[in-house]
1. Criterion first (within 29 Å of residue 255 (Cβ to Cβ), in contact with a Lys or Arg (Cβ under 9 Å, 6 or more places away or on another chain) and either among the basic types (Lys, Arg) or crowded, with 22+ Cβ neighbours inside 10 Å (or both)) does residue 146 satisfy it?
2. Pairs under 6 Å by beta carbon, first residue modelled with pLDDT under 85 in segment 18-30, partner part of a helix (DSSP H, G or I), six or more apart or different chains?
3. Would you point out which residue out of 134, 120 is open to solvent by less than 50 Å² (accessible area, probe 1.4 Å), under 21 Å from residue 253 (Cα atoms) and of a type in the set (Asp, Glu)?
4. Quick one: in segment 220-267, of everything that is among the small types (Gly, Ala, Ser) and modelled with pLDDT of 90 or more, which residue is surrounded by the fewest Cβ atoms within 10 Å (Cβ to Cβ)?
5. Are any residues in segment 111-125 in a helix (DSSP H, G or I) and touching a helix residue (DSSP H, G or I) at 6+ places or on another chain (Cβ under 7 Å), and if so, which ones?
Amino acid sequence: MSGRALPLLFLNLGGEMLYILDQRLRAQSIPGEKARKDEWTDVDRKRVMNDIITTMFNKKFMEELFKPQELYSKKALRTVYDRLAHASIMRLNQASMDKLYDLMTMAFKYQVLLCPRPKDILLVTFNHLDAIKDFIRDSPGILNQVDETFRQLIEVYGGLSAGEFQLIRQTLLLFFQDMHIRVSIFLKDKVQNSNGRFVLPISGPVPWGTEVPGLIRMYNRNGDEVKRTEFTTDGNYITPQREGSFDLYGDRVLKLGTNMYSVSRQVETHMSGSSKNLASHAKENVAPNPLAKEELNFLARLLGGLDIKKPGGSETGFRLNLFTTDEEEEQAALTRPEELSYKVVNIEATQDPGLRAELARIAGELEVAEPSPASSGKGEDLLALMDGL
């Protein structure tokens, strides 16, 4: 398992989340002069996007994110995205949040599978960040936050070897294993089968630095080429004209990670048979998780850097529906297997000593081993971090 996969997972999933929210907010926006008090306007959309992106690229949050660490459970990460999605006046019901997370995860899983080289996962990430910068092009302060993350990515990942990127790719694919949720866009484009598994192409550009298949070279013991044999392939392969740019600005060449919702398309998700089977077996695994305390502390450290926007005064939160109608949203909530509907626990990182004491008590109950006298427990570290916010 790679300790460098978490930032790439978070940033790419976050990019997909912003694509989806922007598309749905645009679809539900009403011209400002015609909008009622409880209806979206384009001003509201921009405000929501700015609030979420500001929170997503919070400096303290990024500092924690870029520390080498293993990936945590799907439920733990889902909690982070639930909090991130509500970092504005927007509110999502459980069914819409479930659908949002399904779309995010399946889109990035597809991108990781189709990366020509493991290193190209970084280009996918840059495509997401380029699009995010376009969302906030009129907000210089937020742009600086995103550019700083860009520089961190270049610094941390620019010097990694092909083997290290392969380990990152394997770690990400392990995270997505057994997730086979059908997405209408992928089904219509025939890149996903009815069982939720993706169809990998056998044509197109080969990875940069490699040759089009069709030639076998044979060498003698001295390393001299002595014979060539050509063969035909079933695919139509081509050589890429250039490598994508790994700089702060430039042509990424690779299109994976760009906004597939830029053209208005209705997107639906459906549980595949394998995902339903996964849900049926979920109840069997009821043993306590020995990493529960670590996950709680991990979440609390990250969430401590996030600021949730709460409507003030007469302002009300706006509800966003990721379904066509409210009835569809209600039906999805009723039919989704309970084991696959992540129940989110809201951890409020506030200055309230009572709430902090309660969090410390929960952390104490999840204690697996007593900390040594020479090192303070993570609960105390967590409280110290919260006090500094």
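The values are calculated or read from the model by the stated rules, or taken from the named source; none is laboratory data. Keep in mind the model is a prediction, meaning the values are calculated, not measured. Quick reminder, even Gly has a Cβ in these numbers, built from the backbone with ideal geometry, and neighbours come from all protein chains shown. Remember, those area values only see protein heavy atoms, side chains included, never the ligands or the DNA or RNA. Shrake-Rupley method; radii C 1.70, N 1.55, O 1.52, S 1.80 Å.
1. no
2. 29/42; 29/45
3. Matching residue, one of 134, 120: 120.
4. Among them, the one singled out is 223.
5. Scanning segment 111-125 gives 111, 112, 118, 119, 121, 122, 124, 125.
Matching residues to (1) in contact (Cβ under 8 Å) with a residue 12 or more places away in the chain; (2) assigned to a strand (DSSP E or B); (3) out of contact with any Phe, Trp or Tyr (no Cβ under 7 Å at 6 or more places or on another chain):
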residue	(1), (2), (3)
196	yes, no, yes
202	yes, no, yes
207	yes, no, yes
213	yes, no, no
218	no, yes, yes
223	no, no, yes
227	no, yes, yes
232	yes, no, yes
